[in-house]
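All remarks here apply to the structure that follows.
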Amino acid sequence: MSTRFRHASLASAAVTLLTLAATLTATASAEAAATRVRAGSTSDVSRASWQGPAFTLNGDGKIIPGSMSAAIDAIRGGTGSLDVVVLAGSVPTSGSATPECDAAMALPGVNSCTTWTLTTAADGNNSQVNTDIRNAEFVYFAGGDQCRYAAWKGTSLEASVESVVAKGGGSGGGSAGHHINSPVVYDACNGSVTSPEALANPYDSHITFTTGMFDWPNYAGVINDSHFTTRDRMGRTMAFIARAIRDGRTSGGKAWGVGVEEGSSLLLDKNGRATLYGKEAFVVLGDHQPEQATAGKPLTFSGYKIWRLGPGQSYDFKNRPTCGYYLRSVTGGVPDTSLYTGTPQSPCGSSGNTTALAESESNDTLATADDASALAYPLALTGTMKSTSDRDYFRVSFAANERIGISCAIPDGAYDADLYLLDSAGSTVARSVNDGVGADESLTFTRTATGSGTYYVELDAFQGSGSTPYTCDLSKS
């Protein structure tokens, strides 16, 4: 007992203990209740089929409008609307109590968004929670504490979320919600770990995993990590990979780490292609047993293969590439320098296995559009906004029932450019017009007409100009 308490009066101590007990009781009562807040329509959408699945994997807790819109469009096939459920482990301490639903309801194609705050493992068996999830088409796990989410393993909630994906819906999350959406989950149930701590001892007591919860299509063998570059988490992801391989948590003697930076999101589509919205993300592959991964000893692992994804770039998890990576190693717990940049050992092209076409001025009209109609996909279109009135056009061709995704990375601090997709007559069929210099643009479009057709990708200078190039990545599914 401290000196302060030794000299306190018994009456004062009693009052203090009673006050503390009352506070703890109130807190426990507040945490015990599952709370529900619904925005939008009070009735769920009823529809025979959906076109997903699609997944959003975010570097922090916030919904990223570009990737979320693309996921929504993919699931609903570009028509109608859907219902979203947000799962949270606690109520935010400031601002809106439902920030994720606030963001979702601002997007086209959202019929309703229901936030459930669940604070105990038993909440995973709440009947109303599971009814809402099963009636939804997208489930978003908010940021917070992934250990609370891992506690829902084996509850009805796990099966309910899986049913959403199975019917062609989707799942996603940010920060803790990003972690829980990988098949091997760093659950942080014993507290968090830093990169130096993990590299010094890959069996540190703070490194704990949950497996066997969610295992999404094309995403096997993966461990997610968040706040990646800002919090320097490459080193700990390397340790997680070594542990997964050494402990047999993944198959084939390989494990992949997927680290997403704050303000960024990977959209994983039904074909296994993950496209980056935002600043950067990393895919880290360990493809052999670690030279040293032993409790109490520093990690040694040679030749991690690392892919850095920039805005609009993608990684194919269904057909995992064997090119485009740079190499980094860890020796005696000390990693190589420049973990977040490197020259590819065997380049695959400008954007993974991507065909590239640079604009040729003047391409300022439909008649003078650069022709990309015969090029292979995925396709990267590049150019600049040379003046405040510049317009760049690229001719493309789509077949019947093809779904097209276009994601344009606009250089930071350079200019504000808007994205349009036009039909052969020059009429707009889809657009993306985010405000702000350096704001990225993205859209999706599904061609329902028979046969193939000509379309035009148009970039307009809305504000500013400059010689720093934009890149628009196009994908088909």
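Here is the figure for segment 236-246: residues that are surrounded by fewer than 24 Cβ atoms within 10 Å (Cβ to Cβ) and either touching a Gly at 6+ places or on another chain (Cβ under 9 Å) or in a strand (DSSP E or B) (or both) total 1. Taking segment 320-387 as the region of interest, the strands (runs of 3 or more DSSP E) fully inside it that hold 2 or more residues being at pLDDT below 85 are 355-358.
The condition of being crowded, with 23+ Cβ neighbours inside 10 Å and either in contact (Cβ under 8 Å) with a residue 24 or more places away in the chain or in contact with a strand residue (DSSP E or B) (Cβ under 9 Å, 6 or more places away or on another chain) (or both) holds for only one of 251, 226, that being 226. Just to be sure before I move on: is residue 339 within 25 Å of residue 310 (Cα to Cα), among the aliphatic types (A, V, I, L, M) and touching a helix residue (DSSP H, G or I) at 6+ places or on another chain (Cβ under 7 Å) in the structure I sent? Yes; evaluated as a whole, the condition is true for this residue. For segment 385-410, the set of residues classified as more than 19 Å from residue 455 (Cα to Cα) and out of contact with any Pro (no Cβ under 7 Å at 6 or more places or on another chain) consists of 385, 386, 387, 388, 389, 390, 410, listed by residue number. Please find, within segment 178-219, the residue that is surrounded by the most Cβ atoms within 10 Å (Cβ to Cβ) out of those that are among the aromatic types (Phe, Trp, Tyr) and within 19 Å of residue 246 (Cα to Cα). Taking the candidates together, the pick is 186.
In segment 160-177, of all residues being touching a strand residue (DSSP E or B) at 6+ places or on another chain (Cβ under 8 Å) and assigned to a loop (DSSP other than H, G, I, E, B), the one that is surrounded by the most Cβ atoms within 10 Å (Cβ to Cβ) corresponds to 169. Here residue 96 meets each of (1) of a type outside the set (D, E, K, R); (2) in contact with a Lys or Arg (Cβ under 8 Å, 6 or more places away or on another chain); (3) over 26 Å from residue 259 (Cα atoms) with one exception, condition (2).
Cβ separations smaller than 7 Å between residues 6+ apart or across chains give the following pairs from segment 424-439 residues that are free of Cβ contacts under 8 Å to residues at least 60 places away in the same chain to residues that are surrounded by fewer than 12 Cβ atoms within 10 Å (Cβ to Cβ) and not acidic (Asp, Glu): 437/413; 438/413.
Checking each residue in segment 133-188 for being touching a helix residue (DSSP H, G or I) at 6+ places or on another chain (Cβ under 8 Å), within 30 Å of residue 47 (Cα to Cα) and among the hydroxyl-bearing types (Ser, Thr, Tyr) picks out 140, 149, 155, 156, 160, 163, 171.
Could you look through segment 303-319, keep only residues that are of a type in the set (Ser, Thr, Tyr) and within 22 Å of residue 70 (Cα to Cα), and pick out the one that is modelled with the highest pLDDT? Before you say what the answer is, go through the steps one by one.
Of the residues in segment 303-319, the ones of a type in the set (Ser, Thr, Tyr) are 304, 314-315.
This time we only want the ones that are within 22 Å of residue 70 (Cα to Cα), so: 314-315.
Working: 314: 86, 315: 90.
Within segment 303-319, the match that is modelled with the highest pLDDT is 315.
Of all the criteria given as (1) over 23 Å from residue 314 (Cα atoms); (2) in contact (Cβ under 8 Å) with a residue 60 or more places away in the chain, the one not satisfied by residue 182 is (1).
Residues of segment 278-307 that are surrounded by fewer than 22 Cβ atoms within 10 Å (Cβ to Cβ) and part of a strand (DSSP E or B): 285, 292, 300, 302, 303, 305.
Yes/no matrix, rows are residues, columns are (1) surrounded by fewer than 18 Cβ atoms within 10 Å (Cβ to Cβ); (2) out of contact with any strand residue (DSSP E or B) (no Cβ under 9 Å at 6 or more places or on another chain); (3) not aromatic (Phe, Trp, Tyr):
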| residue | (1), (2), (3) |
| --- | --- |
| 66 | no, no, yes |
| 69 | no, no, yes |
| 75 | no, no, yes |
| 84 | no, no, yes |
| 87 | no, no, yes |
| 92 | yes, yes, yes |
| 105 | yes, no, yes |
| 137 | no, no, yes |
| 156 | yes, yes, yes |
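Scanning segment 269-287 for residues that are at pLDDT 95 or above, touching a helix residue (DSSP H, G or I) at 6+ places or on another chain (Cβ under 9 Å) and more than 19 Å from residue 203 (Cβ to Cβ) yields 282, 284, 285, 287.
Within segment 53-93, being closer than 10 Å to residue 172 by Cα and out of contact with any Cys (no Cβ under 7 Å at 6 or more places or on another chain) holds for 54, 55, 56, 57, 58, 63, 68, 71.
The values are calculated or read from the model by the stated rules, or taken from the named source; none is laboratory data. If you're wondering where the values come from, they're calculated on a predicted model, not measured in any experiment. Don't worry about glycine lacking a Cβ; one is built from the backbone with ideal geometry, like all the others, and counts go over all protein chains shown.
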